[in-house]
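For reference, the structure is listed below as structure tokens.
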Amino acid sequence: PAMALIHGNDNTNGTEMDGYDVIDACAAPGNKTCHLAALLQQRSSSSSHTNQTSTVFACDRDQKRCELLQRRMTLLAPSTPPTKSKKQKQEPTVHVEPIHGDFLKLSPTDERFTNVRALLLDPSCSGSGIINQPDRLIHNAVTPNAVDDEETVKDRLTKLSNFQCLALKHAMS
């Protein structure tokens, strides 16, 4: 998803993203966020624009997942890239700002988002197409007779699809 966002418009070679901010609406655990930050950093480093900072606002409503996101971003996407010497030109920076909060409750008029020009919306999936789901394998090993009944699965998928529709509508607002 991050590659498509950054390189999706071949006519401008992605330069329309230089110095602009991005919202990652469903960010945790942070793999896509880190990839997005790296691509933005690479894009701005090779651009003619200098000293421009982009922010990736990385949202997640779950506290534990947001904490994991924060730890990963600290390790994988430092706000300021290291320089080898003081004489070396300082690279443009990409800052990742984790937001513990529901993307659906973010206001498009919030001043933090005035420079946002793109939104990465890759909401949770049902996982129904994944054959070896580690969380389900562990759950079944701990509780061998636990089988989700048809109503439970249907309810979970309905809630998930409702969330996906709401997230898409909010992203378009």
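If the Cβ limit is 7 Å and pairs must be 6+ apart or interchain, which residue in region 150-173 that is touching a residue at least 12 places away in the same chain (Cβ under 8 Å) pairs with which residue that is charged (D, E, K, R)?
Note: no pairs meet the criteria.
Do we find that residue 31 is open to solvent by 20 Å² or more (accessible area, probe 1.4 Å), of a type in the set (S, T, N, Q), modelled with pLDDT under 90 and closer than 23 Å to residue 167 by Cα in this structure? Spell out how you get there, then give the answer.
On the way: open to solvent by 20 Å² or more (accessible area, probe 1.4 Å): yes; of a type in the set (S, T, N, Q): yes; modelled with pLDDT under 90: yes; closer than 23 Å to residue 167 by Cα: yes.
Here the answer is yes, as residue 31 does meet what is asked.
Check whether at least one residue in region 150-173 is over 24 Å from residue 34 (Cβ atoms), modelled with pLDDT under 85 and touching a Pro at 6+ places or on another chain (Cβ under 7 Å), and report yes or no.
Checked against the condition, which is being over 24 Å from residue 34 (Cβ atoms), modelled with pLDDT under 85 and touching a Pro at 6+ places or on another chain (Cβ under 7 Å), region 150-173 yields at least one hit.
Looking at 77, 25, 4, which one is hydrophobic (A, V, I, L, M, F, W, C), at pLDDT below 70 and crowded, with 18+ Cβ neighbours inside 10 Å? Don't jump to the end; show me each part of the working.
Details: 25 fails: at pLDDT below 70; 4 fails: crowded, with 18+ Cβ neighbours inside 10 Å.
Of 77, 25, 4, the one residue that is hydrophobic (A, V, I, L, M, F, W, C), at pLDDT below 70 and crowded, with 18+ Cβ neighbours inside 10 Å is 77.
May I ask you to list pairs of residues, at least six apart or on different chains, whose Cβ atoms are under 7 Å apart, with the first in region 101-114 being under 12 Å from residue 170 (Cβ atoms) and the second being exposed (fewer than 13 other Cβ atoms within 10 Å of the Cβ)?
So the pair list comes out as 108/173.
The values are calculated or read from the model by the stated rules, or taken from the named source; none is laboratory data. What you are looking at is a predicted structure, and each value in this text was computed from that prediction instead of being measured. Counting neighbours? That spans all protein chains shown, and the Cβs are built from the backbone with ideal geometry, glycine included. Keep in mind that these areas ignore ligands, DNA and RNA; they rest on the heavy atoms of the full protein, side chains included. Shrake-Rupley method; radii C 1.70, N 1.55, O 1.52, S 1.80 Å.
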